[in-house]
Each structure stands twice: as structure tokens, then as C-alpha cells.
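Student: I have a structure I would like to understand better, so I am pasting it below and will then ask my questions one at a time.
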Amino acid sequence: MSEVVRLTLVSHAMTDAMAAGRFPTDEPVNELGRSQIEAVDLAAVGAERAMCGPESRTQQTAELLGLTPVIESGLSDLDYGRWRGDSLGRVSPADMTVWLTDPAQAPHGGESVVDLVSRVGQWMESLTSEHMRVVAVTHPAVVRAAVLVALDAPPRSFWRIDVAPLSRTVMHFRGHAWTLRSNRA
């Protein structure tokens, strides 16, 4: 079967929240993130369409990469609810255990992993009707969810996927299914 869609997911550059182990707010990339971007070459991607999440860190990463993205709500970060801006250490051990072991739960009052995977799956499905190359600048959580969708893996596998800042995850949609092509930092 011929290739229908080539999707390259790029995780946004480093932010202060990532460096400090905090749940993100709508912060920009930091100086380390800016210097990381200088080393990335997306010319080989040859995207016909660029997208990014609505948060400033994804928009800024996309723009610094030389892209002119369309804002796509399906690429929004996981909603961390009342944990937004807090350090990981401030979350009660009981809540953290629930969150890390039961993907259907959202003890922070935001979005559950199951809901995120569903949202990302719907967004990926929306891409399958057109023959194109897409580059999407988004968040580590969204990339994890997309990998789960492509592999038809259970949501409980979400936390077993590491996504580094500015890593690229490439997927193809051919005929009826997504395939994971590669994952590069």
C-alpha cells in the first residue's frame, strides 16, 4: 500500500518547569531550549503542513524551528488541573500512585491519560483522509499518547515511554493503520 500520511511529532524545547520537575503552565522555552533548537534541522522532513499546540512553548518552538504552524487544539498538553505549576514533590504520594497506575483517573481534576489518548487518537484520525507530510510540534504527553494509538497499546503503558525535548517521532498511516517508523532525539 502507498503511504497516505507521514506524521513527524516534535516535542517542544526545554522549559523552566521541565528543568525544575514542575507541572507545566503556559511558559515559554528557556535559554537551554533555545540553544537546543539551533541544533535541529527539520529540512529533511519536507512537511506540507505544520501544526502546533496552542501553548506558548509549542508555538515558540515551532517558530524558532522556522515553521509557520496552524494552532491545533488536538495537540494541547495534558490538562494537569490543580497541579499546574506545582512541583512533583508537592503532590501527595497517594494521588501520585493513583495517577501513575490508573490511567482512567485524574486526581488533579484535569484530564486523565485515557481521555488524552482518546483526544490524540481523534486528532490522528482527522489526518488520515489526506495524502500529506505533517510536522506537529507538541508535548511529551501528546507524543506518548500518539505512540500508544499507533501501536494500539493499552493506556497503562503511557508512563513507559520517554520523550526528550526536541525529539522527533515519525509515524506513517498506510491504508488502515498507523505504524511507528522511528523515534529520534
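Student: Look through segment 77-100, keep the residues that are over 30 Å from Gly46 (Cα atoms) and in contact with a His (Cβ under 6 Å, 6 or more places away or on another chain), and return whichever of them is most open to solvent (accessible area, probe 1.4 Å). Spell out how you get there, then give the answer.
Tutor: To start, the set of residues in segment 77-100 that are over 30 Å from Gly46 (Cα atoms) comprises 79-100.
Of the ones still in play, those that are also in contact with a His (Cβ under 6 Å, 6 or more places away or on another chain) are 80-83.
On the way: Tyr80: 26, Gly81: 14, Arg82: 153, Trp83: 13 Å².
Here the answer is Arg82.
Student: Considering each of Gly53, Gly46, Gly21, Gly74 in turn, give the residue that is over 24 Å from Val113 (Cα atoms) and either surrounded by 17 or more Cβ atoms within 10 Å (Cβ to Cβ) or in contact (Cβ under 8 Å) with a residue 24 or more places away in the chain (or both).
Tutor: Values: Gly53 fails: over 24 Å from Val113 (Cα atoms); Gly21 fails: over 24 Å from Val113 (Cα atoms); Gly74 fails: over 24 Å from Val113 (Cα atoms).
Just a single option satisfies the conditions, and that option is Gly46.
Student: Evaluate segment 60-68: report whether one residue or more is within 20 Å of Val134 (Cα to Cα), open to solvent by 40 Å² or more (accessible area, probe 1.4 Å) and under 17 Å from the mean Cα position of the chain (by Cα).
Tutor: Checking segment 60-68: at least one residue is within 20 Å of Val134 (Cα to Cα), open to solvent by 40 Å² or more (accessible area, probe 1.4 Å) and under 17 Å from the mean Cα position of the chain (by Cα).
Student: Where residues in segment 24-43 are free of Cβ contacts under 8 Å to residues at least 40 places away in the same chain and among the polar types (S, T, N, Q), which of them is surrounded by the most Cβ atoms within 10 Å (Cβ to Cβ)?
Tutor: The qualifying residue surrounded by the most Cβ atoms within 10 Å (Cβ to Cβ) is Asn30.
Student: Here's another thing I want to ask about it. Can you find even one residue in segment 84-91 that is more than 24 Å from Val10 (Cα to Cα), in contact with a Phe, Trp or Tyr (Cβ under 9 Å, 6 or more places away or on another chain) and free of Cβ contacts under 8 Å to residues at least 60 places away in the same chain?
Tutor: yes
Student: While we're on this one: Only residues that are in a helix (DSSP H, G or I) and in contact with a strand residue (DSSP E or B) (Cβ under 6 Å, 6 or more places away or on another chain): list them for segment 57-74, please.
Tutor: From segment 57-74, those in a helix (DSSP H, G or I) are 57-64, 73-74; that's our starting set.
Of everything in segment 57-74, those that are in a helix (DSSP H, G or I) and in contact with a strand residue (DSSP E or B) (Cβ under 6 Å, 6 or more places away or on another chain) turn out to be Arg57, Thr58, Gln59, Gln60, Thr61, Ala62.
Student: Which of the residues spanning segment 3-56 are closer than 15 Å to Leu166 by Cβ, part of a loop (DSSP other than H, G, I, E, B) and more than 16 Å from the chain's Cα centre (by Cα)?
Tutor: Asn30, Ala39, Val40, Asp41, Leu42, listed by residue number.
Student: Just the residues that are of a type in the set (A, V, I, L, M, F, W, C) and in contact with a helix residue (DSSP H, G or I) (Cβ under 9 Å, 6 or more places away or on another chain), please, taken from segment 68-100. Walk me through how you get there before you give the answer.
Tutor: The initial filter retains those residues of segment 68-100 that are of a type in the set (A, V, I, L, M, F, W, C), namely 70-71, 75, 78, 83, 88, 91, 94, 96, 98-100.
Residues satisfying the conditions are Ile71, Leu75, Leu78, Trp83, Leu88, Val91, Met96, Trp99, Leu100.
Student: Considering Arg57, Arg82, Arg34, Arg49, which residue is at pLDDT below 95, under 21 Å from Ala141 (Cα atoms) and among the basic types (Lys, Arg)?
Tutor: Numbers: Arg57 fails: at pLDDT below 95; Arg82 fails: at pLDDT below 95; Arg49 fails: under 21 Å from Ala141 (Cα atoms).
That would be Arg34, the only listed residue that is at pLDDT below 95, under 21 Å from Ala141 (Cα atoms) and among the basic types (Lys, Arg).
Student: Quick one: which residue in Ala164, Ala150 is open to solvent by 10 Å² or more (accessible area, probe 1.4 Å), in contact with a Phe, Trp or Tyr (Cβ under 9 Å, 6 or more places away or on another chain) and either free of Cβ contacts under 8 Å to residues at least 12 places away in the same chain or not in a strand (DSSP E or B) (or both)?
Tutor: Details: Ala164 fails: in contact with a Phe, Trp or Tyr (Cβ under 9 Å, 6 or more places away or on another chain).
Matching residue, one of Ala164, Ala150: Ala150.
Student: Name the residue, out of Ser118, Ser126, that is part of a helix (DSSP H, G or I), within 23 Å of Ala62 (Cα to Cα), within 19 Å of the chain's Cα centre (by Cα) and among the small types (Gly, Ala, Ser).
Tutor: Values: Ser118 fails: within 23 Å of Ala62 (Cα to Cα).
Just one listed residue meets the conditions, Ser126.
The values are calculated or read from the model by the stated rules, or taken from the named source; none is laboratory data. Owing to the predicted nature of the structure, the values given are computational and were not obtained by experimental measurement. Positions of Cβ are backbone-derived with ideal geometry, glycine not excepted, and every protein chain shown enters the neighbour counts. In case anyone asks, the SASA skips ligands and DNA or RNA and just uses the protein heavy atoms, side chains included. Shrake-Rupley method; radii C 1.70, N 1.55, O 1.52, S 1.80 Å.
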